[in-house]
Amino acid sequence: MAAPPPVHSTQALQPFTPQQLAGILGQTVEQPAPRMVGHGGMGTVFLGSWRGEEVVVKVFPLARDYIKEKERLLKVLQTLPLPTDSPIGMPFGFCDNYIEDRGAMIGLFYAGGTLEERGGALTAAQGISVFCQLFGGLVKLHLHGVLHNDLKPANICFLGRPGTPTELLVRIIDWGLGLVLEPGRSAVRGADGSGFTPGMCAPQVQQEEHWSRAGDLYSAGMCLLWWLMLGVGPYKIEELRPAAKLWLSQPKDFLNRLQLAGRKGFTLEVVQILTMLAYVLTADAEAD
């Protein structure tokens with residue numbers, strides 16, 4: 001069997017048989033249970049090995065969820081040309097009937113863990129560097145009419161562990177809610193859309209089932225940027241504009257409010273950039 005295409009590829013997902021997947025997961029009669037590394041509502045993730053590289057295998061609890069995600073991925077891959085240095089992380093393989101009618105997806109393992117797991121372990125300069133990568137990837141997606149729709153700290157992975165050369169290189173993962181906009185359309189509404197993560201999505205997504213580029217921008221500004229810079233969850237939209245006004249009128253009070261004085265290289269200028277950029281992104285999101 002040929003080696004799988006790289007994780008950033010425009011090729012279709014490669015099929016694997018249940019027997020091949022069992023081999024990837026190291027399942028034998030003596031050791032039938034693979035190593036679990038994560039579990040959520042949309043599936044359980046196991047660690048395996050394929051041709052010398054560590055990989056992850058996501059096993060879906062329901063056949064319909066697997067079928068829907070596979071269809072979305074194929075459409076995204078057909079739409080989106082990705083260079084190897086893109087911060088977009090895609091699965092490279094699938095298995096239709098791994099356990100009875102339950103399917104599975106196979107992708108690369110990112111040793112650095114997720115942004116959620118790293119918490120506030122980044123300096124201000126590192127946070128800005130990571131955000132620039134993510135924002136650049138988001139621009140590439142949107143130029144090709146692709147929406148991620150689930151940008152959150154748990155879906156941002158670091159390639160390498162802290163202290164390694166790739167510790168600040170990131171990939172956007174988990175395309176279960178991704179959508180491709182039809183030509184000439186700027187948004188998807190209602191039953192044609194996807195789901196969302198409460199607290200991490202734009203108000204128009206959660207309240208009006210309105211998915212658009214602006215929704216991704218909201219999540220980037222409100223969730224990822226704040227998490228990168230502060231190591232905590234996002235501010236609510238109704239709190240952001242007063243915070244921005246407070247910065248403009250009383251920057252020192254704003255800095256004290258966030259308790260950033262002297263912390264990990266933060267300066268008044270960095271906090272100003274953080275606040276104004278998040279404010280601009282969320283204002284754009286509301287206007288869409």
Review point. Within segment 158-180, how many residues turn out to be surrounded by 22 or more Cβ atoms within 10 Å (Cβ to Cβ) and not in a loop (DSSP other than H, G, I, E, B)?
Key: 4
Review point. Can you name every residue in segment 6-60 that is aliphatic (A, V, I, L, M), more than 26 Å from LYS75 (Cβ to Cβ) and modelled with pLDDT under 70?
Key: VAL29
Check your understanding: So GLY112 clears everything in (1) surrounded by fewer than 17 Cβ atoms within 10 Å (Cβ to Cβ); (2) in contact with an Asp or Glu (Cβ under 7 Å, 6 or more places away or on another chain) except one condition, right? Which one?
Key -> (1)
Check your understanding: Limited to segment 44-75, what total is found for residues that are in a helix (DSSP H, G or I) and either of a type in the set (A, V, I, L, M) or closer than 16 Å to TYR110 by Cα (or both)?
Key -> 4
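Here's the yes/no breakdown for (1) at pLDDT 75 or above; (2) of a type outside the set (Val, Ile, Thr):
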position	(1), (2)
THR164	yes, no
TRP175	yes, yes
GLY199	no, yes
CYS223	no, yes
LEU228	yes, yes
LEU240	no, yes
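Looking only at residues in segment 93-104 that are of a type outside the set (Phe, Trp, Tyr) and at pLDDT 90 or above, which one is surrounded by the most Cβ atoms within 10 Å (Cβ to Cβ)?
ALA104
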Exercise for review: Residue by residue through segment 105-143, note down the ones that are at pLDDT 90 or above and in a loop (DSSP other than H, G, I, E, B).
Suggested key: PHE109, TYR110, ALA111, GLY112, GLY113
Exercise for review: Those residues that are outside any loop (DSSP other than H, G, I, E, B) and under 18 Å from the mean Cα position of the chain (by Cα), I need them from segment 76-104; list them, please.
Suggested key: VAL76, LEU77, ILE88
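The values are calculated or read from the model by the stated rules, or taken from the named source; none is laboratory data. This one's a predicted model, so the numbers in the text were calculated from it and none came from an experiment. Please note: Cβ atoms are built from the backbone with ideal geometry, for glycine as well, and neighbour counts cover all protein chains shown.
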